[in-house]
Amino acid sequence: MSLRDSNAKFVLLKAVVDAATAEIARLRVGHTADLVDRFKEEGTSSFRAMLPDGTVVATISLTIPKPVLNVTDDGAFTAWIEANHPGAIDTEHVEAQPEQLIPAVPARDEKSVNGKRLTKLMEQFKPVPEGVVDQATGLLVDGVEMTPAADPKQFSVTYAKDGRDQLADAYHAGDLDSLVAGSSLPALGRTVDIQSGDN
């Protein structure tokens with residue numbers, strides 16, 4: 001291929017990609033809203049993308065935010081965790097500061113909640129009208145409040161093993177013309193073999 005043709009090929013493909021990228025950005029907002037509406041109605045967060053013949057080519061999954069745990073009283077929360085989930089407590093020994101320093105501080109053990117273990121514990125914390133309950137113990141958790149999870153705001157696409165190739169094949173065969181009508185991708189139409197007959 002000559003450099004002239006190579007340049008033309010490159011800018012053609014880039015023009016298609018640029019147009020498709022801009023269109024995806026526009027479509028994503030409305031599509032996210034449609035997915036979120038279905039999630040609110042049915043609780044469904046994962047959806048299949050299929051070809052007209054029913055072949056599943058990808059899975060579209062909403063990213064579901066988690067509730068936010070806010071510590072309102074660090075001492076009370078740490079004490080509650082120590083009493084009910086002692087394995088989630090980290091203890092650091094702090095050496096005494098000598099009397100020459102003002103003020104002198106005695107040696108002590110400082111306790112804190114381990115971040116990774118807290119992440120696991122939060123899976124069993126649930127907001128209730130009275131506050132936050134630990135579903136494992138049935139007890140209200142001291143020193144915290146939980147903000148309910150926000151609505152999903154984004155989604156991801158995971159292609160099936162041969163999904164990309166199957167999409168490309170269906171597109172080139174013209175099977176997806178009704179889907180691309182009015183989009184940045186051209187409708188290709190079905191290829192028809194015409195055999196010459198007798199004259």
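Reported to the nearest whole Å, the Cα centre-to-centre distance from the stretch 169-186 to the stretch 15-34 is 16.
For the stretch 33-182, the normalised intensity computed at q = 0.10, 0.13, 0.14, 0.17 Å⁻¹ comes to -0.62, -0.79, -0.84, -1.01 (log10 of I(q)/I(0), Debye sum over alpha carbons, equal scatterers, no solvent). With all protein chains kept in place, the per residue accessible area of the chain amounts to 72 square angstrom at a probe of 1.4 angstrom. The helix-only estimate of mean residue ellipticity at 222 nm for the chain, built from DSSP H runs of length n ≥ 4 each weighted as -39500 (n - 2.57), is -12000 deg cm²/dmol after division by the residue total.
Taking the chain as the region of interest, the number of lysine pairs whose Cα atoms are within less than 15 Å, with members eight or more places apart or on different chains, is 4. Which percent of the accessible heavy-atom area of the chain goes to carbon and sulfur, probe 1.4 angstrom? In the chain, the share of accessible area belonging to carbon and sulfur is 54 percent. Each Lys or Arg adds one and each Asp or Glu takes one away; over the other residues whose Cβ falls under 15 Å from the Cβ of residue 10, this sums to +1.
The values are calculated or read from the model by the stated rules, or taken from the named source; none is laboratory data. If you're wondering where the values come from, they're calculated on a predicted model, not measured in any experiment. Because the Cβ atoms are built from the backbone with ideal geometry, glycine has one as well, and the counts that use them run over all protein chains shown. Heavy atoms of the whole protein, side chains included, go into the accessibility calculation; ligands, DNA and RNA do not. Shrake-Rupley method; radii C 1.70, N 1.55, O 1.52, S 1.80 Å.
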